[in-house]
Amino acid sequence: MRLSVPPQLSPEQLERFGAEIDALRARTVAQLGERDARYIRAVFAAVRYFEAAGRIVLMASFFLPKGWLLPAWVAGVLMLALSKILDNMELGHNVIHGQFDWMGDKHLNGKSFEWDIMGTSANWRKTHNYRHHTYTNVHGMDEDIGYGVLRLFPQQRWNAGYLLQPFYAVIFALLFEWGVAMQDVRLGRWFKGRMTGRQLAAQFAPVGRKMRRQLIKDYLVFPLLAGPAWLAVLSGNAVANVLRSLWTYTVIFCGHFTADVQTFPKSVLRGESRAHWYLRQILGSSNLSGGKLLHILTGNLSHQIEHHLFPDVPANRYGEMAVAVRDICARYGVHYNTGSMVGQFSQVVWRILRHAFPSQPPRQAA
């Protein structure tokens, strides 16, 4: 089976569709320069500023008059969470994609950048940059389809354990950074006897070192530095990390698991052309509508369609590229999936609830 294309799109039109996407990328890359460098350096500075401000306010909150303690603590948590969200979404995710390698800045190099999260950037480059972006929404190839935890499409085999899915979907959201960190460890293979304990330990070793470093930093070093304010700092760090996980989970799920998103069998990969690959990215993604602040806080993954089409193009360019992509899709009759965060996430929740119960995949045309 090949990827289903809009019935009015002939093979020649599909190739022209792909050529227009190629041309858009080429025009954008040719324009990259100081504007983009200033943007990502400003994001880098904002991450450091809000982290410092948040940690200082958390430490100081304990020493303020009683009526100011809670508001100061909340302010410190929100600033620290903002730093972690920006580091995760707009800085780390995009830099690790190599979007700013052309700058020659050692601090913004996609092959060496490490982010403030439980998972290692090396594992992320493997599971996300390669597997997810190459095999987007292909069953048996893209492990981001439910992350091995959730059943979100009828093509995924059902078992009785999924009846508890609405409950553990919430747990997964709260601990999302841990789940992503463990994705490449392949615990499922060990449980099924396909991996030895020694192999599991080797897989886990770099992740374990990164987890240890993160735990020591947030839950030992900074609380100790705070002295009598240790509890305010420890609890603030924990809440900031959870807020970052909840936000990341929401953004990623809105970009991949809404009602109109399509998934594909492995057979679509046979003889797949570049134009077919572009079409698969568009049909397997969904965008979020909103203002500039939303786009920054999502790492411009509010433009998930454009990110899947152009993963190595600086994400601050996605907004203007989206106008062109949407126009191309309209002219060729390709569905362009976009909506508000509330609307898109409500569709995600529906998937989580619906596919906790048995469901049959739709019949595929041969």
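The structure-derived value of Rg and Dmax of the Cα atoms in Å appears in the list [x] 21.6, 72; [y] 27.7, 83; [z] 34.5, 116 under the label [x]. Along its first, second and third principal axes, ordered by size, the range 117-224 spans 49, 29, 29 Å in Cα coordinates.
Quick check: residue separation of Phe191 and Glu15 times 0.36 nm, minus the Cα distance between them. What number comes out in nm?
Working: separation 176, 0.36 × 176 = 63.36 nm, distance 4.49 nm.
Once the chain is fully extended between Phe191 and Glu15, it gains 58.9 nm.
Ratio of Rg to Rh for the range 212-298, alpha carbon only, Kirkwood? With Rg and the Kirkwood Rh in hand, the quotient comes to 1.24.
Work out which helices of the chain, taken as complete DSSP H runs, extend at least 24 Å along their axis over the Cα atoms and score a mean Kyte-Doolittle of 0.0 or more, then list them.
Those that pass (Cα extent of 24 Å or more, hydropathy at least 0.0) are 34-61, 66-86, 230-256.
Determine, from the Cβ-Cβ distance of Arg354 and Ile171 and an R0 of 30 Å, the FRET efficiency 1/(1 + (r/R0)^6), rounded to the nearest 0.05.
0.95
Simple spin-label estimate for His335 and Lys217 gives 4.1 nm between the two label positions (7 Å along the Cα-to-Cβ direction from each Cα). Note on Ala324 and Leu200: their simple-model spin labels are 4.9 nm apart, each label 7 Å out from Cα toward Cβ.
Could you please rank Phe172, Phe204, placing first whichever residue has the fewest other Cβ atoms within 10 Å of its Cβ? Write out the running numbers ahead of the final one.
Numbers: Phe172 21, Phe204 18.
Fewest-to-most ranking of Phe172, Phe204: Phe204, Phe172.
With the simple spin-label model, which puts each label point 7 Å out from Cα in the Cβ direction, the Ser267 to Leu293 separation comes to 4.9 nm. The amide H of Gly339, built 1.01 Å from its N in the peptide plane, has Asn287, Leu288, Ser289 as neighbours under 5 Å, considering only residues 5 or more places off or on other chains.
FYI, it's all coordinate maths here, none of it is from the lab. None of these values were measured; they are calculated from a predicted model. All Cβ positions, even for glycine, are placed from backbone atoms using ideal geometry, and neighbour counts span all protein chains on display.
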